[in-house]
Structures are given as structure tokens and as C-alpha cells.
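A.B. asks: One structure follows; several queries about it will come next.
The values are calculated or read from the model by the stated rules, or taken from the named source; none is laboratory data. Quick caveat, the model's predicted, so the values are computed rather than measured. Here the Cβ positions follow ideal geometry from the backbone for every residue, glycine too, while neighbour counts run over all protein chains shown. These accessible areas exclude ligands, DNA and RNA; they are computed on the full protein's heavy atoms, side chains included. Shrake-Rupley method; radii C 1.70, N 1.55, O 1.52, S 1.80 Å.
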Amino acid sequence: MAKFIFVTGGVVSSLGKGLTCASIGMLLERRGLNVRLQKFDPYINVDSGLLSPAQHGEVYVLDDGTTTDLDLGHYERFTNTKLTWDSSWTTGQIYQRVFEKERRGEYQGTTIQVIPHITNEIKQCIMRIVGLDTDVVITEIGGTVGDIESLPHMEAIRQFALDVGKENCLYIHLTLIPFLKAAKELKTKPTQYSVGQLRQIGIQPDILICRTEVSLSQDERAKIGLFCNISTDAVIEEKDKDFSIYEVPLSLMENKLDQLLVDKLHITNVVSLDLSDWRELVSKLRNPQHEVKVAVVGEFAGYRDAYKSTYEALEHAGVQCNTQVRVLWIPSRDVLQSEMRYELNKANAIIVSGSFGESEIDGKIESVRIARENNIPFLGIGLGMQVAIIEFARNVLHLENANSTEYDKDTPHPVIALLDEHHTYTRNGGKLKIGADTTVFKLGSRVHDIYDKNQLAYERFRHRYEFNNQYRQQFERSEMQFSATSPDSLLVQGIELSNHNWFVGVQYHPEFKSQPTKPHPLFKALINAAIKTSQ
Ligand code: GLN
């Protein structure tokens, strides 16, 4: 029988519930358990792919093409668990399933209500991800206890213990213990209220994970435990990590959370915990031997979370290369200002990010020009690759006003355009390519080398526009090489310049496949190239 862990959040939002769930998943996986992770988001949106990165952070893409909240990125970076379409649910999607059932007549005319119909649907979505080999399911409930939107989820997870037995369920509440500087005191009252609210719903948390600025004394833990009806050993401190998020699992382990989880879930067949590779990771992060500056040009560069996976992938690559990566975030529209151009010229590497529906791409085109003309290592991702093609078409091949039809429908040179099912240019149509697929590298190309001479890779895509094959010959006679294509070689998925230090563009999103101890080869190669330019 699988065991179920439910993680709720209290007092304030943005406590790092996703990171905590990912860390719990990692600790259990390393105790030898088969873990699955899942998140319920309280918002009504049906399609997470349409959420603005400025409000919600990056849209994360799974192998199977599901678009999700960025927390699922943490799950994949910390654990090896497989995430699929049933790992992420918004309230809108839950309601949609209920509406579809009603349309199919499955409720036989009964009145449809939040309890039991919505709550049953939530419970089914939890049960659905239990596989034959699953030991533990970790379910993150988005939002904060007390939110109107989260209420049906709280009710559903309360009922869940009735269905499967309390001994198979564990409720973890992540909360904030604020430190009042004037009084020099930690305040436990908000947590008492938050747990009080949970208990009103009928949930008594088994474990309290306390986010705090300063360490909790034994007395403070005992006091929190007493007021919240939790034994002192189940009041776990999670102190702020001013250095790196990758310290979170280590500190939870030091606070003996892994053993507490195993004991409380009555799991016996576990192995002892070995986090030595993770410790080494954090120690390398703390002791870099080089430093490089990487400029990331993006529409939402003002919002860090909009490029979460790119930032993490740079950090992973930096650790492997014993290098501290300083990221300069450059909003695309500011590139045309002289001080931003100066910053780009000084950078050791430039990344031009992907984007959907950006209003203009002049800043991105200029960033590519700076990288290309000054031999600055360059990585173009998604739209970043497309823009590199447009820049080359305009400034090297002299195709005046070349563009993507996404930005100029009437461009005389639609080098990036929508393609029909035969991969030929079309004005209407074009399909969204979403999820992981095989890409094939050209023998002897730079990317072929970077991927350890593997000829294929399985990478995640999310785009609609493609390179227009009408221009293929013209490009193939130039220094721009098409180094990655679809298996039928009809879709261009990677480019590079033969007369440049390090200039690569890929249509896919390598950042989604990078893990702290297994950095993505493209990011690693970029950082190595950046180190060379910094010396
Ligand atoms: N907007 C572009 C397209 O749809 C690029 C998307 C991306 O950056 N992944 O093709």
C-alpha cells in the first residue's frame, strides 16, 4: 500500500513549499523509496501554459508536453521521479473534469456540489498517480490555509485519510515563525492561528516545518508543539538559506526529517541516507575558482522566476566548472539603450531566451549581433535561436527586413514561419510542438561534440514557428550550420556558426533537463567557453 504525504502552507505565501516538497521527495528517494510528486494549484485557469510569466514565473514543460507551474521544475531537479500529465492540477482542470462527466450523464441528474463532486475528483487525481511500484505520493496543496480557493482541497485531503486509513497518511504544514527585530523574539502566534484553521477543517498536522530567520531553541520548539498539539520532535526548523536553495535538503536531514517521515509512515524497508554528492555540490558552490558574467536577455528579465530553469541550469553548470556564474538580467526592450549595450559587450557569455507573443524583437536581434560580431559565447534558446537566424539573414545574407511571420506577417523574407504538415511554408496553420522529442545532430558539429558524440538527444520543445526551408540552401552555403534537425531532417532544431568562438542556437529548451549534479551539456559547454573569454 502506498503512503500519502500532504503538504500545506500557512501564514504567508512564497514560503518555498515547492522546494520543501522537492527536498522531502529527495530525502525519501535516497532512503530507497519510490516517490511520486504532484501539485494542486488553487487558481481557476484551465491551461497553465497561458499564464503570464510576469505573474506566475516560468511555464514549465514536462516530457509528455504538460505545461505546469514552476514548482514542478524543483521536483525534477531534486528527484528522479517521473512527472506526467497527472502530476499537476489546477482547480479549473478539476472543475472541467466534473463538467465533462456531467455532460456525459455520469451523475445521473444528481445535484453537483463542491462536496462530494469536486472533492471526489481531487481524491481521484491523488489516487491516480499511484503506480504498482509507488511507495510514497507527495501532494503539494498550492496557496495558503485560509484561502477560499484552497478549501475544497483541504476537505479532500481530510477525507482521504478516512478512505485509506490515517496510518497511511501524513499531514505536513509549512509555516512561518517571524522574528521581531525590535523585541528580538520569535513569534509563534501566526502559526498557532494557521494550525487552528487547519484543525477547524479537521486536519491535525503531524509535522510542522518552520521557516525562520533564526534558529529555534528547544524551548521554542516545545512551545510551538504544545500550542499546535504536535510533539516537539515533529517541529522541524527550516532556517532561511541566504546562500543556496540546494542547502535545504541538507538542513532538513540535519533536523532528522527523513527518519521522522519514515517512522511516522511506518515504513521499515529503507536504506540509510547518503547525501555525500549533494554535500560536495554545496561545498563546490561555496568555493568557486572562477567567476563569469552571463547576460540573459529576455522579455521578462525583470522577473527572476520567469527564467527559473535557465538560472538553475547556469548554476548547475557553474558548479561543475568550479565557477560562480553572475547573471545579468537584461530586459529585451532595454538592449537598445547604450548602457545595456555596454553591459552586453562586457559579458563573458550571452543567452537570448525563449518567448511567446513578445511584442517586438529588436533588442534580441541587437543582442545576437553583439555576440556574433564580438565573438562572445552565445546560446539562443527557442525564440533565441529564431532571432539568431533572423539577425544572420539580415546582416550577413543581406535579406533585407527578414523576420519571423510571428512578428511581421508581410516580411519580404519570412525566414521563420509557420509550416504545414509537409513542413512547407504556410500563412495559416502551423501546429504547437510541445513536449520531448528526438533531435538528431550533424556528425562533426559542435553540438555533436558537446553531447559526447551522441547522435541523438531527447529534448523538450514548446514552439509553433520553424525555420522556413525555402531559405535552406542559401543558409547552407554560409557559415551558419544546421547542426540539429528532426529525424526526417526537415525541421531545423539547432544552429551554429563555423567562424565564431562559441555560437549555438537550439529550438528546444535545454534548461528543463538540467539537474544540480547532472548539468545539461549545452550549459556546461557555454560556461567553459565563458571561462575562456574571462581569462
Ligand atoms: N514564439 C516562438 C514560437 O512559437 C518561440 C517559442 C519559444 O521560445 N520556445 O515558435
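A.B. asks: Among (1) surrounded by 15 or more Cβ atoms within 10 Å (Cβ to Cβ); (2) out of contact with any Lys or Arg (no Cβ under 6 Å at 6 or more places or on another chain); (3) not polar (S, T, N, Q), there is one condition residue 453 misses while meeting the rest; what is its number?
C.D. replies: Tallying (1) surrounded by 15 or more Cβ atoms within 10 Å (Cβ to Cβ); (2) out of contact with any Lys or Arg (no Cβ under 6 Å at 6 or more places or on another chain); (3) not polar (S, T, N, Q), residue 453 fails exactly one: (1).
A.B. asks: Still on this model: If I ask for residues that are open to solvent by 10 Å² or more (accessible area, probe 1.4 Å) and touching a residue at least 24 places away in the same chain (Cβ under 8 Å), which ones from region 498-521 would you list?
C.D. replies: Scanning region 498-521 gives 500, 501, 502, 509, 511, 512, 513, 515, 517, 518, 519, 521.
A.B. asks: Another question, then. Name the residue that is farthest from residue 470 (Cα to Cα), counting only residues in region 364-390 that are buried (at least 24 other Cβ atoms within 10 Å of the Cβ) and of a type outside the set (A, V, I, L, M, F, W, C).
C.D. replies: The selected residue is 377.
A.B. asks: Only one of these is over 20 Å from the mean Cα position of the chain (by Cα) and open to solvent by 40 Å² or more (accessible area, probe 1.4 Å): 336, 344. Name it.
C.D. replies: Numbers: 344 fails: open to solvent by 40 Å² or more (accessible area, probe 1.4 Å).
So the residue among 336, 344 that is over 20 Å from the mean Cα position of the chain (by Cα) and open to solvent by 40 Å² or more (accessible area, probe 1.4 Å) is 336.
A.B. asks: I would also like to ask the following. Please verify whether residue 381 is within 16 Å of the ligand (Cβ to nearest atom) and under 25 Å from residue 523 (Cα atoms), treating the condition exactly as stated. Spell out how you get there, then give the answer.
C.D. replies: Details: within 16 Å of the ligand (Cβ to nearest atom): yes; under 25 Å from residue 523 (Cα atoms): yes.
So residue 381 passes the test.
A.B. asks: Please identify the pairs in which a residue from region 443-468 that is within 22 Å of residue 388 (Cα to Cα) and part of a loop (DSSP other than H, G, I, E, B) has its Cβ atom under 6 Å from the Cβ atom of a residue that is small (Gly, Ala, Ser) and within 16 Å of the ligand (Cβ to nearest atom), counting only partners at least 6 apart or on another chain.
C.D. replies: 464/430; 465/404; 468/417
A.B. asks: What are the residues in region 347-357 that are within 16 Å of the ligand (Cβ to nearest atom) and open to solvent by 10 Å² or more (accessible area, probe 1.4 Å), if any?
C.D. replies: Across region 347-357, the qualifying residues are 354, 355, 356, 357.
A.B. asks: Taking the condition of a type outside the set (A, V, I, L, M), crowded, with 18+ Cβ neighbours inside 10 Å and within 16 Å of the ligand (Cβ to nearest atom), does residue 524 pass? Steps first, please.
C.D. replies: Working: of a type outside the set (A, V, I, L, M): yes; crowded, with 18+ Cβ neighbours inside 10 Å: yes; within 16 Å of the ligand (Cβ to nearest atom): no.
For residue 524, the condition - of a type outside the set (A, V, I, L, M), crowded, with 18+ Cβ neighbours inside 10 Å and within 16 Å of the ligand (Cβ to nearest atom) - is not met.
A.B. asks: Same structure again: For region 82-94, what are the residues that are part of a loop (DSSP other than H, G, I, E, B) and surrounded by fewer than 22 Cβ atoms within 10 Å (Cβ to Cβ)?
C.D. replies: Within region 82-94, 82, 84 qualify.
A.B. asks: Related question: Starting from residues that are touching a helix residue (DSSP H, G or I) at 6+ places or on another chain (Cβ under 7 Å) and part of a helix (DSSP H, G or I), keep the ones in region 321-340 and report whichever is nearest to the ligand (Cβ to nearest atom).
C.D. replies: Result: 332.
A.B. asks: Could you tell me whether any residue of region 440-453 is of a type in the set (S, T, N, Q), in contact with a Leu (Cβ under 8 Å, 6 or more places away or on another chain) and under 29 Å from residue 521 (Cα atoms)?
C.D. replies: No: region 440-453 contains no residue that is of a type in the set (S, T, N, Q), in contact with a Leu (Cβ under 8 Å, 6 or more places away or on another chain) and under 29 Å from residue 521 (Cα atoms).
Yes/no per residue for (1) modelled with pLDDT under 95; (2) of a type in the set (A, V, I, L, M, F, W, C):
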residue: 400; (1), (2): no, no
residue: 417; (1), (2): no, yes
residue: 424; (1), (2): yes, no
residue: 427; (1), (2): yes, no
residue: 432; (1), (2): yes, yes
residue: 437; (1), (2): no, no
residue: 442; (1), (2): no, no
residue: 445; (1), (2): no, no
residue: 449; (1), (2): no, no
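A.B. asks: Pick out the one residue from 40, 6 that is in contact with a His (Cβ under 6 Å, 6 or more places away or on another chain), open to solvent by less than 10 Å² (accessible area, probe 1.4 Å) and either modelled with pLDDT of 95 or more or over 18 Å from residue 249 (Cα atoms) (or both).
C.D. replies: Details: 6 fails: in contact with a His (Cβ under 6 Å, 6 or more places away or on another chain).
Just a single option satisfies the conditions, and that option is 40.
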